[in-house]
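Undergrad: Before anything else, here's the structure in question.
The values are calculated or read from the model by the stated rules, or taken from the named source; none is laboratory data. Just so we're clear, the structure is a prediction, and the values are computed from it rather than from any experiment. Every residue, glycine among them, receives a Cβ derived from its backbone with ideal geometry; neighbour counts consider all protein chains shown. Areas reflect the complete protein model, heavy atoms only, side chains present, ligands, DNA and RNA absent. Shrake-Rupley method; radii C 1.70, N 1.55, O 1.52, S 1.80 Å.
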Amino acid sequence: MQKWIMFSLFIIACLLGTGVLFQNIAARQAEMAHEAAAGPTLKFVATNYQFDKPEYTVKAGEKMTVSLQNKEGLHALEIVGLGVKLDNNTKSVEFTFDKPGTYEVHCALPCGPGHAEMKTKLIVQ
Ligand SMILES: [Cu+2]
């Protein structure tokens, strides 16, 4: 008798687990569809204490969604000279990069021992 209860609980747990998994996948797909619909995006993913790429490249004259994802730690981002600033309150902005050039991008929030070196480059072509 008790075996059956345990077995039933196990099955229920499995079903719940599977349900949560599919829900996550559905949510991620919806997010990806949303990003695709929003046009070109420039996404910075921040961890302690670096951005996910040593340099990012965009085309001049194209309206883009610029976004920051704090994957680890709490960081803010500034594209020097363009006035683009992102943080956990403002995670994305629409921006058109008009002037070709190389811009410094750095963390704009004291985030820890690696803060001063938390830099990357944006190349506008
Ligand atoms: Cu920082």
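Undergrad: Among the residues of the stretch 70-91 satisfying the criterion of being among the small types (Gly, Ala, Ser) and open to solvent by less than 60 Å² (accessible area, probe 1.4 Å), which is nearest to residue 55 (Cα to Cα)?
TA: 76
Undergrad: Moving to a separate point now. Under 8 Å between Cβ atoms, at least 6 apart or on separate chains: pull out the pairs that start in the stretch 89-117 with a residue that is free of Cβ contacts under 8 Å to residues at least 24 places away in the same chain and end on any residue that is in a loop (DSSP other than H, G, I, E, B) and within 16 Å of the ligand (Cβ to nearest atom).
TA: Matching pairs, first to second residue: none at all.
Undergrad: Related question: Could you check, for the stretch 55-68, whether at least one of its residues is open to solvent by 40 Å² or more (accessible area, probe 1.4 Å), within 16 Å of the ligand (Cβ to nearest atom) and either within 15 Å of residue 41 (Cβ to Cβ) or in contact (Cβ under 8 Å) with a residue 24 or more places away in the chain (or both)?
TA: Looking for residues that are open to solvent by 40 Å² or more (accessible area, probe 1.4 Å), within 16 Å of the ligand (Cβ to nearest atom) and either within 15 Å of residue 41 (Cβ to Cβ) or in contact (Cβ under 8 Å) with a residue 24 or more places away in the chain (or both), one finds none in the stretch 55-68, hence no.
Undergrad: Filter the stretch 92-122 down to residues that are closer than 15 Å to residue 52 by Cα and of a type in the set (A, V, I, L, M, F, W, C) and give me whichever is nearest to the ligand (Cβ to nearest atom).
TA: So, considering only residues that are closer than 15 Å to residue 52 by Cα and of a type in the set (A, V, I, L, M, F, W, C), the one nearest to the ligand (Cβ to nearest atom) is 107.
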